[in-house]
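What follows is a set of notes on a single structure, which appears directly below.
Please treat every number below as a calculation from the coordinates, not as lab data. Keep in mind that this is a model prediction, so the values were computed, not measured. A quick note on method: Cβ atoms are made from the backbone with ideal geometry, for glycine too, and the neighbour counts reach across all protein chains shown.
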Amino acid sequence: MDVRPASEQSGEVHDSLDPLLPLGVITLKPLAEDDIIFWIHYVHVDLARELEDGYQTVFITLSPQDTLTLGERPNLQSIAACMVHKLVATQPMGPYVVGGSCLGGILAYEMASQLQAAGREVSLVILLDTPNPSYFKSRNSLGARLSEPRYLLRRAVRLGPWESLVIASERLLGSDLTARKATAAETERRRAQQLLETAASHYKPNRYHGRVLLMLAADRAPHVNFLPGWQALVPHNLHTCYVNAHHSDLTQAPIIRTVATTIASHLCDKGGN
């Protein structure tokens, strides 16, 4: 899972330009007449820019006030309810499009479930390489430990020694730089990340009756398969597609364009075939 703060993934951004919107609601421009895509937890600016032709991406994150109100160990349902309140304050009437990557996708799924339970229409849930935490097998299993090194070796060979070294160096240097230059905002984002990780580890999602787009990274270790966990929960309207990329590349150029194109095509498909 991608544990980097939102600002490290997509460049520094700030809360909404509209002071009337709740804290933690982030927009790149004032709200317009475009259809809104609510993207949860992680702020992927490049995705918003790729989707801006006809759609406006609104990011919903936990503010420092939210983390104080939620307490030390909130469950995922409580976190989702907090974010649903912000979503409805931003767009009072549906239908709603809610999505997220990884942990953000888990939160988006629960938010969609709560919106439906309240009688609100959700036209699409977008899960970008998101596991069902109650189904996904532990990475500490014997099979995982045996298959992971072989997969990493094959990926290193495919990337080549120089690119593999660059990626490893960037991760090491980035972690060190983050540790030395952490700001108060980054500390708060890490706290929100930790709250969500803990809550997600205990979360058992219910069945969902609605349209779900599940986008999965095709480049993954052989023991990692997120599809069965969602098939068990969304038996009738799960749309799955694979992106020829690694998890860490899904929100980076040029792969983000493929992700955005796929999302847009499913937003246009109102029939949910």
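Among the GluC sites (Glu not before Pro) in region 29-84, which ones are in a DSSP loop with at most 10 other Cβ atoms within 10 Å of the Cβ? Mind listing them? Write down the numbers at each step before the final one.
On the way: sites: 33, 50, 52, 72; in loops: 33, 52, 72.
Here the sparse-neighbourhood loop sites are 33, 72.
What FRET efficiency, computed as 1/(1 + (r/R0)^6) with R0 = 41 Å and r the Cβ-Cβ distance, is obtained for residue 20 and residue 207, rounded to the nearest 0.05?
The calculated FRET efficiency here is 0.70.
For region 201-249 and region 62-84, what is the centre-to-centre distance using only Cα atoms, to the nearest Å?
Answer, in whole Å: 25.
Please compute the length gained on full extension between residue 194 and residue 75, using 0.36 nm multiplied by the number of residues separating them and subtracting their Cα-Cα distance. Write out the running numbers ahead of the final one.
Working: separation 119, 0.36 × 119 = 42.84 nm, distance 1.20 nm.
Here the answer is 41.6 nm.
Can you sort 113, 201, 123, 101 from fewest to most other Cβ atoms within 10 Å of each residue's own Cβ?
Placing the least packed residue first, the sequence is 201, 123, 113, 101.
Calculated FRET efficiency, residue 29 and residue 187, Cβ-Cβ r, R0 35 Å, to nearest 0.05?
0.80
Label-point separation (nm) for residue 261 and residue 91, each offset 7 Å from Cα along Cα-to-Cβ?
Once both label points are built, they end up 2.4 nm from each other.
At 7 Å along the Cα-to-beta-carbon direction for both residue 227 and residue 52, put a label point, then send me their distance in nm to one decimal.
Each label point is offset 7 Å from its Cα along the Cβ direction, giving 3.6 nm.
Tell me the label-point distance for the pair residue 121, residue 252, using the 7 Å Cα-to-Cβ offset, in nm and rounded to one decimal.
4.0 nm
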